[in-house]
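What follows is a short report on a single structure.
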Amino acid sequence: MTQEPCNPDMLQDNQINIPFLKSYLTQFFDWQKEQFMAGVDVMLLVPSRSAFMDKLLTRLWRYYKLNTIPDISLLAVGGYGRGELHPLSDIDILILTQNSPTPEQKETFSELLRLMWDIRLDVGHAVRTVKECFQTGKKDISIATNLQESRLITGDNNLFLALQEKIFSDKFWSSTKFYKAKLSEMHDRHNHYHDTSYNLEPDIKASLGGLRDIHMLFWVARRHFGATSLFEMSQFGFLTESEYRELSESLAFLWKVRFALHLGLKRYDNRLSFAQQPIVADLLGYEGEQNKRVEKLMRDFFSTLQSVAELSKMLLQYFDQTILPSKFLLTESLLNKDFFSRGKFIEARKPALFQARPDTILDMFLLIARTKSISAIGAQTLRQLRTARRRINISLSSRPQAREKFMTLIRHPNFIAKTVGMMHRHGVFTLYIPQWSNIVSRMQFDLFHAYTVDEHSIRALKKLHLFTQPKLTPSPLSSEVYEQVQRKDLLILATIFHDIGKGHGGNHSEIGAEMSKAFCLQHGLSQPEANTVSFLVRNHLLLSMTAQKRDIYDPEVVRDFATIVRDEEHLMLLLCLTVADICATNPELWNSWKQTLIGELYHATQKALRRGLENPPDIRAKVRANKAAAIQLLAKKKYPLDKINHLFNRFKANYFLRNTPEQIAWHGKAILRHVGDDPLVLISKKTVRGGTEIFIYMKDKPKLFATVAAQLDIKNISIHDSMILESKDDYTLDSFVVLEQNGAALDMERRIILKETLTDILKEDQPKLRVRKSPHRLKHFKVQPQIDFMLSKNKRKTQMELIALDTPGLLARTGLIFSELELNLHAAKITTIGEKVEDFFILSDKNDQPLNTVLQNIVAQRIIEELKPKE
């Protein structure tokens, strides 16, 4: 590390002014950045910033002549007290006094603090007497923790020592009380971050396995043992040499990431957001095209969090045994020749059991699954497992006896509820399934997935278990079906393997299907059983994509889907895997619209399979039945039959096919009462197909779809489905299924305002299409527009799929192009997948014919041109 460019000790009085000091701090910041980029160890740079700040504050203390006042001290507390100052870290200080300060002293303190704020230091401060510190810290664990880390910067050392004596006495916080309070604080923090290290925009400090978990070890070790460093902790026998190195390396890596993050930010933040990840990756020297460098960074980052989380869990258990020994004065029960239990913990009876007989690792998890009282692995056994993981150099699945135990384990009713999370946290899946290592900590750089690939797969398994709990299930239909599934082991295997092909290049579903098939055959499953698992992995996206992106009210679509599925057994398994997969992708992804669509496709396919695919449904009969039922509903409301028939005779058969009798009656009632030529806008009070339905009836005119789409976009309402129908006399009968951004249906106030807005805008001859600004976070993603055309089954219309970045107004602008090219839009299915859309449109030309190749090229060129970023 080169010499620092400035020494605050040498500052002259005439240099202590806001412009000079701001420049001085910038000079030091730039020097630290240069040193960091030159490869200087961050373990030197972080303390050097703390030392620099000590000198600066000491010089300012002298400048304001506070050094001449007896019985006062300036202390660093919190992270600054630990000497842990990153470029944007808060400067937490305590002005400690023997007695309450005089008004003149208070004014001097205020002048000092104002100067620090004016030169843009983020200062957290308090002015307290020793007695006040004791009283406030005794009531607040956070203040107590900060005081425990206090360090004298300048001033009266005896006063500081008096404070130390107070705060390290049992009258302040006893070791036991302090430990319990910090544990509770840690559990609350973990719960806030979904109890996982694998959120894709993690907080470096607060996430499970982050810096706060290492701080937790420091705090407890300091309070109970007086240890002030990892090295001192290792001297008490809690850390082995290898664990000390692992924790030290983890701390150094997290410091590097945080230091780099702060260099790239203007304001204090510890969240490694999508926007900052490329910047941090570059500062840390990661290489690779597009998102590859980010994926490498985040894989290292998540692996570090996992390592810290596991070590922290083990060490806290050792602390438990030392600080709360009464918890461990429990009767030991022999489980078998290799294991015993003590309270909720399972323990190995021999010190090198797992290395001598690796398959006993599976025995341990079988015992956990079978024994109600056991819910954790003892610290000593966990240490043994960690050692074995490093030393076992072949996969467990290569051992026949291990394969038999693994299959017994996944068939146990408690496999998911009790063992899946533990096996994942402690690296057993990697130890058993070689391919699993490829998805461990694998980043997914998008706004769709909330977790890494391995964490997502584990969460999907846990969602299967929720299907057995009626009050917690995300999908009543899935629970009903899951109960009927006979071979749950096949479903579990498919869930384990459904995303295991990611990162290999190529189609991950196809790659995973082959891997799963080989695994099943290796584990003694029959060829048909292996084929079933392989089918599920290969087609795990089929049900959701068909439901969301295709016209599931078209019998041909249902028939094609049913042909692939083949039978009800595969359909049931696929439903459960699909719902578990969606729910485990992102906590906000599953909503009533998806639930309804998937349910409708499931039931339609089930009917098709039971009827036989060689016996297609009678479309005309369904049209007649829906029409007759709607007429009956309206007749009950005393509407004249002749008026009902006159109205319905204006509508085409497609309208009656694609709406339920209740919808038809709702539309018909409003149309029969409607007077004049103004647009009729209806918004459903109840959910329709999982969302809020907007129905528009008016004389058809150009740009209608684009106008509605633009207005909904401005109001931040999402269109998920639309049917663009028209009567025989050129009236629109357009329906839109919409949801709020959080997946909820529209409330009463929104419906009233939206109805008025749409009615007014649709009265205009040439409504202007306004577009809201693009969300800031989207600018960090690039999605190359992709447009594909295909002929519909009946060859009367063209289907178009558009994949693009989900920019505001996209649907409105696309609809406007259709209108300008005089295309007929018959339906639109809108699927948003994180930062991108995968929208599906059914089109015909102005003569109601499929789009020819020339017209398809024109449409594609116009849309791609429209989607280019505006200069």
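As an exercise, use a Förster radius of 22 Å and the Cβ-Cβ distance of Glu241 and Ala352 to find the FRET efficiency, rounded to the nearest 0.05. Efficiency at R0 = 22 Å is approximately 0.80.
Leaving out same-chain residues fewer than 8 places away, which aspartates and glutamates sit with a Cα under 18 Å from that of Lys607? Those aspartates and glutamates meeting the cut-off are Glu480, Asp551, Asp554, Glu556, Asp560, Asp567, Glu568, Glu569, Asp618. About its Cα centre, the stretch 177-328 has a charge dipole of approximately 540 debye under the convention of +1 per Lys or Arg Cβ and -1 per Asp or Glu Cβ, with nothing else charged.
Dipole check for the chain: with +1 at the C-beta of Lys and Arg, -1 at the C-beta of Asp and Glu, and the Cα centre as origin, the magnitude is about 2080 Debye. Between Lys637 and Ser174, what FRET efficiency comes out of the Förster formula 1/(1 + (r/R0)^6) with R0 = 60 Å and r the beta carbon distance, rounded to 0.05? For Ser174 and Lys637, the calculated efficiency is 0.20. Around Lys22, with a cut-off of 11 angstrom between Cβ atoms, what is the net charge of the other residues, counting Lys and Arg +1 and Asp and Glu -1? Residues close to Lys22 contribute a combined charge of 0. Taking label points 7 Å from Cα along the Cα-to-Cβ direction, Met37 and Arg271 give a separation of 2.8 nm. With semi-axes defined as the square roots of five times the eigenvalues of the C-alpha gyration tensor, the equivalent ellipsoid of the stretch 667-867 measures 26, 22, 15 Å, largest first. Taking Cα atoms, how many degrees apart are the long axis of helix 592-611 and the longest axis of the chain, rounded to 10 and kept between 0 and 90? The angle comes out at about 50 degrees. Each residue, Asp560 and Ser526, gets one label point 7 Å from its Cα in the Cβ direction; the gap between the two is 3.3 nm.
Using per-residue counts of other Cβ atoms within 10 Å, averaged over each peptide, order 789-796, 751-758, 506-513 from highest down. The partial results should precede the final answer.
On the way: 789-796: 12.8, 751-758: 15.2, 506-513: 17.8.
Output ranking for 789-796, 751-758, 506-513: 506-513, 751-758, 789-796.
The stretch 359-433 and the stretch 551-589 have Cα centres separated by 32 Å.
Taking a point 7 Å out from the Cα of Lys782 in the direction of its Cβ, the residues of the stretch 287-324 whose backbone N falls within less than 18 Å of it are 287-296. Straight-line cross-link reach from Lys405 at under 17 Å between alpha-carbon atoms covers these aspartates and glutamates, not counting any fewer than eight positions away in the same chain: Asp338, Asp359, Asp363, Asp489.
The distance between label points at Asp320 and Ser23 comes to 5.9 nm (points 7 Å beyond Cα on the Cα→Cβ vector).
Below 8 Å, C-alpha to C-alpha, sequence gap of six or more: please give me the relative contact order for the chain in percent. Display every interim value, and only then the final one.
Details: 1256 pairs, mean separation 55.3, N = 871.
Relative contact order here is 6 percent.
Listed by chain and number, the aspartates and glutamates placed with their C-alpha closer than 17 angstrom to that of Lys669 are Asp642, Asp677, Asp678, Glu693, Asp734; residues fewer than eight positions away on the same chain are left out. In terms of packing, defined here as the mean over residues of other Cβ atoms within 10 angstrom, the peptides 301-311, 588-598 line up highest first as 301-311, 588-598. Label reach from Met748 (point 7 Å along Cα→C-beta): in the stretch 657-693, amide nitrogens under 19 Å belong to 682-688, 692-693. Pairs of Cα atoms in the chain fall into 10 Å distance bins, from 0 up to the last occupied one, in shares of 2, 10, 17, 19, 17, 14, 11, 7, 2, 0, 0 percent.
If you plug the beta carbon distance of Arg610 and Lys755 into 1/(1 + (r/R0)^6) with R0 = 51 Å, you get a FRET efficiency near 0.75.
Given Lys22/Lys205; Lys138/Lys182; Lys797/Lys846, which pairs have Cα atoms separated by over 18 Å? Result: Lys22/Lys205 exceed 18 Å. Each of the peptides 473-484, 684-695 was scored by the mean count of other Cβ atoms within 10 Å over its residues; in descending order, highest first, they stand as 684-695, 473-484.
A simple count of charges around Glu84, restricted to other residues whose Cβ falls under 14 Å of its Cβ and scoring Lys, Arg +1 and Asp, Glu -1, yields +4.
If you take all C-alpha pairs in the stretch 324-393, what percent of them are over 19 Å apart? Of all Cα-Cα distances in the stretch 324-393, 29 percent exceed 19 Å.
Straightening the chain between Glu600 and Leu334 buys 90.5 nm, computed as 0.36 nm per residue apart minus the Cα-Cα spacing. Can you tell me the relative contact order of the stretch 177-328? Whole percent, Cα pairs under 8 Å, sequence separation 6 or more. For the stretch 177-328, the relative contact order is 28 percent. Comparing Phe36, His540, His449 along the charge dipole axis of the chain, the residue lying farthest to the positive side is His540, per the Cβ-charge model. Mean separation of Cα pairs under 8 Å and 6 or more residues apart, divided by the residue count, gives the stretch 557-674 a relative contact order of 26 percent.
Which value in deg cm²/dmol, rounded to the nearest 500, describes the helix-derived mean residue ellipticity at 222 nm for the chain, given -39,500 (n - 2.57) per DSSP H run of n ≥ 4 and division by the residue count? Walk me through the numbers on the way to the answer.
Numbers: 36 runs with 457 residues, N = 871.
The per-residue figure over the chain is -16500 deg cm²/dmol.
Here the stretch 457-511 and the stretch 219-263 have alpha carbon centers that stand 39 Å from each other.
Of Lys699/Lys868; Lys292/Lys782; Lys463/Lys488; Lys131/Lys177; Lys594/Lys836, which ones are farther than 25 Å apart at the Cα? The partial results should precede the final answer.
Details: Lys699/Lys868 34 Å; Lys292/Lys782 14 Å; Lys463/Lys488 13 Å; Lys131/Lys177 20 Å; Lys594/Lys836 17 Å.
Beyond 25 Å between Cα atoms: Lys699/Lys868.
Coordinate-derived values only; no laboratory data. These numbers were taken from a predicted model, which means no experiment stands behind them. Methodologically, a virtual Cβ is constructed for each residue, glycine included, from the backbone with ideal geometry; neighbour enumeration extends over all protein chains shown.
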